[in-house]
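**Student:** To start, I am sharing the structure in question, which I have written as structure tokens.
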Amino acid sequence: MLQETLETFNYPVDDGFLGITPLHGNELSLVDIIAVPGLGSHAIGGFKLKNGTTNWFRDFLPEDIPQARLLAYGYDSSLAATDAKYSIGDLAKTFLDSFLAFRDDTNTSKRPIIFIGHSLGGLLIKEALAIAHNAASDDRYGDCYKSSYGFIFFGVPNQGIRRGSLKDIVVGQPNEQLIHDLEVDSEGEPTPYLRELKKKFLDSYKSQACPSKIILYYELRKTRSIKRTKNGAISASGDPKFMVTQESACQIGLEDNEINRHAMDADHSSLVKFANQVDDNYSRVLNQLKRMATEAPEVVLRLSTSLTEASNRPHHIAQEKANVKPVFQHGEEEVRCIRDLFLTSPAGDRDGIITAKGDRVDGTCEWITSTGEYTQWMQSTSGLLWIVGGPGKGKTFLSIYLTDILDKAGSTLMYFFCDNKISSRNTGSAVLRGIMHQLIEQQPQLVKHLLRQWQLQGSALLSDTGFESLWKIFQSMVEDLKGSELYCVLDGLDECNAHSLQQLLRKIESLFHKRDGKQTLKLIVVSRRYPNCLETTLGSFTQISLDSAHENNVKSDIDSYIAIRLADFTKKRSISPSLAKHIEETFHKKSQGTFLILNWVTLSPKPLNVAQLAEAVGIQASKHLSRNQICLHHIESCGHLLQVHDGDCSLLSQGGNEDEGEKSTFNSTQSYSSTITLVHQSAKDFLTQQKLSPRIQSFHVHEAHGNLFIMKRLLYSMQGDWIRVVPETSFQREDSYPLLAYAVHSWKYQLRQLENKDLLRLVEKNTSFFADHSDIRDLWDDLAKRHRGKSILHFACEQGLVALVEKVLKRKRRNPFTFQRYIDKPQPDTPLSVAVKGGYCTLVEVLLKFGAVGQMAQGYEMHLATLPDRFNIFELLSKTKSGKVFIKMDLASPPREYSLMWHAITLGNDKLCRLLLERHGYKVDDLIDNQAPLLVAISIGHYEIARVLAADYGASTNDHDGIISALVEGCHPWTPCKVPLQLIFFEWKVDINRQDRAGRAVLHLILQEIQSVSGDRYELLRQCLADGCDPTLRTMEGDSPLHSIKWFSPLRYPYYGEIGLSPMRSVILLMVEGGLDINNPGKGGILPLHRLIQDAFDPKISWHRVSSAAKIKGLGRLLDLGADRNIKTSLGLTAVQVAKQCYDITEDIEGHEGYCAETLAEITNVLENYATVTNVVQNLNYVGFQHSEGPGSFEMVEDRFKKKKERLRPT
């Protein structure tokens, strides 16, 4: 491909990479890492796999150490006949001069350096350091010497090289002295040059203010020696030897505490060649490099600057750290991963709070930073500070203030403001996603910790069930930033739902009690004291209490806030001073409220509006006020506990235009549709706690009593007044009964909140509603679009009402003759099926105890229980007699789809897969619908299950054709494809260029599937090419991947009965990256252009119609890409003649006649009249084709065709 490019373009291309070649990073990077290859090696090829394209230094390190600038150095040290006479000293001096010139040109002469040297390259580095040390009086050399922080040497012959045949190869050549200096003498001792170099390097090393870090690697495998063949060529065909012994590689003259010596299971050449990022050798080297790259900037800046420069160091280092961000460039997959991670913007949420509540009043909150607790927390390397207080203590304003001052400090800061009313802000997973997104925004290289798990788990990772995985990723990110100042503020943690709050608190407690030195995170949690898990978990950490020790500071802040806000209000409203004083006192002293209002607002599943609350509470209109106005006054009397949304309902805003006299704004229906909620989640916990101050006992909401009261109120109206209007009117618009609309969707929720004793008491008082069959209950089920006619048992199972189920079954069991038929009666599902669908494990256990069998003989409930969140239910069912019988039947049945194993795999239920294999006798290689379970897992996209089946249960991976086919089927456009490719082609060693019996390789299969239900496989195609897929492979019939494309798909326009054009970007990718020629013929001399024409006439898709736009644009795009319309097939047909041949073949097919004539006319028109707008080289920019249709010849031809359509007829 490179040769073709050179022939096409007259550009100079350096394929030797001599001198310095930057591979990643720029002037903003924090550290330089430079690699110097060994004897006779290439700057790029020396670190690349022999038969591959992967260069770890170029391909892996940019992702793993993004803050580094990566430089490759190339020099001529070939053993073949050469006219050059050079020594190690000459090569080292040239290397040093090139390196210094490059650093000067880029203004990075003081940047810390990490050297990587292989074999001879390590000697060049040692010699260069010695030269820089001796010339340190020159600032250029002195800066390089002081900046040299780390050295990693691979098989460096410090004591000489043992490869005697090298002398015979270079004898008589000018470079003979170079080899002489490298090889040990006849006594096995190092040459005088190497002894002198050892001394010079030691002197320069020990003269450093802080000696450099040195890592040494030596080989454990022998390398074939080099010799000349009879025809004079040089070949590695001699006897195997240790080219550099362990002693030679490790005897550098330093003690063990100053260096690290490591063995590597590789020969001399392979010491610096790694297959992939999970290669164990690479992981070990990377660990050392990352440590050096993290430490180097701080150490070098501290040691190499003067006292004057040292005073500016904090700003300089902060600036250097800040510059990491633009250095790291995310790829497409990283961008998708970060986009999926995003759930809410903590910065936007913070600004929204400020907009809603107003700016912080100057002077408030500032006392927090002068407290002893805060000072102690700030001075620690890591720790947790808990700021705790009850409702109305200004906690959120404190959080906002703290984020301000910590952000101004220039450190890495994360924060999150929880809100129980917003689903994206009230779970532990939401908190983690918010702070991780902020962390990646500031430290982009950390995305690597998230990327792999996202590739494995997809969207499941970012759901609430992925919390454990998310926490591990967050913890690894924090550990990766060891040594950096890292702050986090979590506000309103008490607003998270109970389960996820407990999860998060356990993790936080573990993180800060571990104290293993792996993280330097400083965390502030701002919350109230309840629920109790907060006190239990955070009570042992440093805390600032807003209710006791600092109560006076809080009171002062509140007084300042009220005074300032009231002053603004009275100024705007022109209120008299006496009235203003009265209002202020009311704000401070108001403590009485309305129990019923608080009861409904606190316990309802969704907010009620003013009109609904008025009906719920039973307010009656007075002579002068409507019930809605009275309700608003009750709401106002609840003080700051309630807030109104989407309407101006504050009593302070009464009044209107002068023409309206004393008419209130509350008379508008807009105000009465405003919803009422608690001001804060902590208000609910405050109101429902068991012990309240006697002064505010009237605010107390007893949850059990409150839920029973609400359900009684709803049932009263559902069986009374509402019955008359429900069948006759639209309940959403029923003004007389606004609470009716709320009841339709919420009465079952309220029923589920009842305690067992209250539920049974309610059932006894409402026997007609809870009768075995109830017309009234059916009516309300019908309104909620539910199935009518359910028995009370089915209803109770649907709602998960265990106490009611037990009551009904105990009563029905008195008649043993009808009991079994009753408990297993389908309506249309049996009670057991309903309970399994609902995921009610306890209820399933109760039904089984009473003898329910359901439809387990047919496996219905067993299949329902194969969902991952119903694993416990499946275990219960599998232990029953019917369950065991069905499992035996399932095992004995011929291989089929929808077996239990098929369900477990396709649903991604790895726990169930393990259970079936380990306890129930399923075989890992038994066929499912003529496929092995392993292939089913791959074809569905559950690669982790496939890995488990192979690694833990020995599933065969020998069906390479089947695996590749399943891979193509399962790798969807919306799923990452790196993980399956890594698993299949690297872990399982499937040949990426394998061809099946028809000669089809993976690229052929991808392009055949490009229009399947799963859509475009472009990402898979791109990644396969990057991993070494050969695009030139042809089938047995001679077709290239370009000939395998299905050009038209009904799935592009599924609702309009027309077929659209396949994405062209796959074609262009094969041309750009794969070097394929658009005019290369396949079977029968058919070109891709001819295949597109044939597909347009294909009768298999005649039940849809290929749209005119798709045909015109498809032909036009291929012509723009260089398709030649005049090239003939093996039968001597041009493109136009191919179209006419297709017409002749298909015109007589029933229902196809008119379409064929129209298609021939359109294709002929384009082929005869279309003028290409660009040439082939310009059109290899596939991004333009992917995103833009663009004006041009497509539109012109289409317009011209409309004018000629009537007279164009097939000939």
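Every number here is computed from the coordinates shown, using simple stated rules; none is lab data. This is a predicted model, so every value here is computed, not measured. Using ideal geometry, Cβ is built from the backbone for each residue, glycine included, and neighbour counts are taken over all protein chains shown.
**Student:** Taking a label point 7 Å from the Cα of residue 536 along the Cα→Cβ vector, which residues of the stretch 415-446 have an amide N closer than 18 Å to it?
**Tutor:** 428
**Student:** Grab the beta carbon distance between residue 778 and residue 499, set R0 = 35 Å, and tell me the FRET efficiency rounded to 0.05.
**Tutor:** After rounding, the FRET efficiency stands at 0.50.
**Student:** Roughly speaking, what is the centre-to-centre gap between the stretch 1078-1143 and the stretch 107-164 when only Cα atoms are used, to the nearest Å?
**Tutor:** One Cα centre to the other: 62 Å.
**Student:** Relative to the compact-globule scaling 2.2 N^0.38 Å, provide the ratio for the alpha-carbon radius of gyration of the stretch 808-892.
**Tutor:** 1.05
**Student:** Something else now. Work out, step by step, the length gained on full extension between residue 208 and residue 911: first 0.36 nm times the residue separation, then minus their alpha carbon distance; give nm to one decimal.
**Tutor:** 247.3 nm
**Student:** May I pose another question? If the chain between residue 196 and residue 1145 were fully stretched, how many nm would it gain, using 0.36 nm times the residue separation less the Cα-Cα distance?
**Tutor:** 333.0 nm
**Student:** Given H placed 1.01 Å from N in the peptide plane, which residues other than close sequence neighbours of residue 213 have an amide H under 5 Å from its amide H?
**Tutor:** 150, 151
**Student:** Additional query: Packing-wise, with mean Cβ within 10 Å as the measure, how do 134-144, 479-489 rank, highest first?
**Tutor:** Top of the packing list down: 479-489, 134-144.
**Student:** Between residue 50 and residue 723, what length comes free when the chain is fully extended (0.36 nm per residue of separation minus the Cα-Cα distance, one decimal in nm)?
**Tutor:** Gain in length upon complete extension: 234.1 nm.
**Student:** A further question on this structure: Near the amide H of residue 42, under 5 Å away, which other amide H atoms are found, from residues 5 or more places off or on another chain, if H is placed in the peptide plane?
**Tutor:** none
**Student:** Right, something else. Would you grab the residues whose amide H sits under 5 Å from the one on residue 1106? Only those 5+ places off in sequence or on another chain, please, with H modelled 1.01 Å from N.
**Tutor:** 1059
**Student:** Same structure, new question: Determine ³J(HN,Hα), in whole Hz, for all residues of the stretch 602-614 in sequence, where each value follows from phi through the Karplus function 6.51 cos²θ - 1.76 cosθ + 1.60 and θ = phi - 60°; x replaces Gly and Pro.
**Tutor:** 6, 9, 6, x, 9, x, 9, 8, 4, 5, 5, 4, 4
**Student:** For the stretch 421-428, what does the Karplus curve 6.51 cos²θ - 1.76 cosθ + 1.60, with θ = phi - 60°, yield as ³J(HN,Hα) per residue in whole Hz, taken in order and with x for Gly and Pro?
**Tutor:** Each residue's phi maps through the Karplus curve to give 8, 10, 5, 7, 9, 10, 9, x Hz.
**Student:** Could you derive backbone 3J(HN,Hα) for the stretch 398-408 from the dihedral phi with the Karplus parameters 6.51, -1.76 and 1.60 (θ = phi - 60°), listing whole Hz in sequence and x where the residue is Gly or Pro?
**Tutor:** Using θ = phi - 60°, the values come out as 4, 4, 4, 4, 5, 5, 5, 6, 6, 5, 5 Hz.
**Student:** Viscosity 1.002 mPa s, temperature 20 °C: what is the translational diffusion coefficient of the stretch 354-495 from Stokes-Einstein with a Kirkwood Rh over Cα pairs, rounded to a whole number of µm²/s?
**Tutor:** Estimated via Stokes-Einstein, D reaches 129 µm²/s.
**Student:** Something else about it: My understanding is that a pair violates if its Cα-Cα distance is over 28 Å; which of 790/884; 765/812; 48/482 do that in this structure?
**Tutor:** 790/884; 48/482
**Student:** Once you put a point 7 Å from the Cα of residue 755 and another 7 Å from the Cα of residue 961, both along the Cβ direction, what distance in nm separates them?
**Tutor:** Label at residue 755, label at residue 961, 6.9 nm between them.
**Student:** Next up: Evaluate 2.2 N^0.38 Å with N set to the residue count of the stretch 28-78, then give the Cα radius of gyration divided by it.
**Tutor:** Ratio of Rg to 2.2 N^0.38 Å for the stretch 28-78: 1.20.
**Student:** Quick one, what does Rg over Rh come out to for the stretch 892-1008 if you take C-alpha atoms and the Kirkwood Rh?
**Tutor:** 0.96
**Student:** What's the exposure ranking of 292, 856, going from fewest to most Cβ atoms within 10 Å?
**Tutor:** The fewest-first ordering by Cβ neighbours comes to 292, 856.
**Student:** Cβ neighbours within 10 Å, averaged per peptide: list 521-531, 932-942 in order, most packed at the top.
**Tutor:** The most tightly packed comes first, giving 932-942, 521-531.
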